[in-house]
Amino acid sequence: MFEQLQGKTILVTGGAGFLGSNLTGRLLELGSKVICFDNLSTGKKENIADYSSNPNFAFISGDANNLGDLAKVFDGRRIDYVFHYAAKVGVLRTVEQPLDVMRDIDGIRNILELSRQHKVSKVVYSSSSEVYGEPVEFPERENGHLNPKMPYAVVKLVGEKYFELYHQVYGLKTCALRFFNIYGPRQDSSGYGFVVGIFIKQALAGGPLTVFGEGTQTRDFVFVEDNVSASIIALLSEKTNGEVINIGTGRPMTVLDLAESVIRVHGSDKVEIKFLPERSSGEIKHRFPDVGKMKKLLGYRPKHTIETGLVETLKWYKNQK
């Protein structure tokens, strides 16, 4: 299947971010020509530094929400496929900057219309489990109840609908992937970051790992390599055209279990867990997906356990010191 990507030109918006840069690296390994498009608001040049000498890699600075910036990428080029990953990310950041989050709708419209005009073969969209909000049913199914509460979640759901519209009305092949909690090398571990990176950073500093409440919140943690593999299969499969698909492991775990797993992988019996008061609002208590549709349409099952994924992630963080 992957041989279809050899020599193809693929645009990755948000390509200097955590997920986009990991995707870019995998596409280059598969023989694709990759255009990384990013305004570096949250993406980082160091994430793509290893690719700079690759003749099949090109970086273009620009904002996907600016039609003129994005149109320049398409001018004079044949772009075969697009992964639209550009977005304002991080729960705290998106709450603090709601107007910037809502501007991402412009980027969604821009990428779809330019892809339609330039006859791109297929466009894949990074949606999010946030569209489920505080779930009313478990596991969360693609055709089940949606309850978005935050600006980021609303924008992601709007994006799904735009992608569906362009497939149904204009015949543009699209696919929207609802990503659950991805972790791995290059993920932000700052105050604007994500729990796995934050836990690892705390462990490397000697602890403690800070857990809100009793740590009974559940999430589905997906190693980035598994997410990337599933996303590429979704791009290439005709079965996914026009579909919305959960991308997860189907194996939820509590935040407390995650903290204990990080401590085990770190290998120190001196690192402790510190329990903090529950967040006053905004935190989803439980979230995990039904991955039956993913298995059926992609024929894919994640390869990494939480332990093997944490080993690789911890190794990367150690090398950054």
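The values are calculated or read from the model by the stated rules, or taken from the named source; none is laboratory data. The structure displayed is predicted, hence computed values, not measured ones. Glycine gets a Cβ as well: all are built from the backbone with ideal geometry, and neighbour counts include every protein chain shown.
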Could you give every pair whose Cβ atoms fall below 8 Å, whose first residue belongs to region 295-321 and is under 19 Å from V124 (Cβ atoms), and whose second residue is outside any helix (DSSP H, G or I) and among the acidic types (D, E), counting only separations of at least 6 or pairs across chains?
L297/E243
Confirm whether K321 is in contact with a Leu (Cβ under 9 Å, 6 or more places away or on another chain), of a type in the set (K, R) and at pLDDT below 95.
yes
Residues of region 294-311 satisfying the condition of being under 17 Å from V195 (Cβ atoms) and either surrounded by fewer than 18 Cβ atoms within 10 Å (Cβ to Cβ) or touching a Cys at 6+ places or on another chain (Cβ under 9 Å) (or both)
E307
Go through region 133-156 and give me each residue that's surrounded by 22 or more Cβ atoms within 10 Å (Cβ to Cβ) and of a type in the set (A, V, I, L, M, F, W, C).
A153, V155
Scope region 147-185; condition in a loop (DSSP other than H, G, I, E, B) and at pLDDT 95 or above; matching residues
G171, L172, K173, F180, G184, P185
Given region 1-94, what strands (runs of 3 or more DSSP E) lie entirely inside it while holding 2 or more residues that are free of Cβ contacts under 8 Å to residues at least 40 places away in the same chain?
33-38, 57-61
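Every residue in region 162-187 that is among the basic types (K, R) and within 18 Å of K293 (Cβ to Cβ), please.
Restricting attention to region 162-187, the residues satisfying the condition of being among the basic types (K, R) are 173, 178, 186.
Result: K173, R178.
Conditions (1) under 17 Å from I111 (Cβ atoms); (2) in contact with a strand residue (DSSP E or B) (Cβ under 6 Å, 6 or more places away or on another chain); (3) not charged (D, E, K, R), marked per residue:
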| site | (1), (2), (3) |
| --- | --- |
| G17 | yes, no, yes |
| N22 | no, no, yes |
| C36 | yes, yes, yes |
| I60 | yes, yes, yes |
| G68 | yes, no, yes |
| D75 | yes, no, no |
Quick test for you: out of V271, V224, V291, pick the one residue that is closer than 30 Å to Y166 by Cβ, touching a Leu at 6+ places or on another chain (Cβ under 8 Å) and surrounded by 18 or more Cβ atoms within 10 Å (Cβ to Cβ).
V224
For F288, only one of the following conditions fails: (1) within 25 Å of H145 (Cα to Cα); (2) over 19 Å from the mean Cα position of the chain (by Cα). What is its number?
(2)
Output the residues belonging to region 252-279 that are out of contact with any Phe, Trp or Tyr (no Cβ under 8 Å at 6 or more places or on another chain), under 17 Å from T216 (Cβ atoms) and of a type outside the set (A, V, I, L, M, F, W, C).
T254, D257, E260, S261, K274
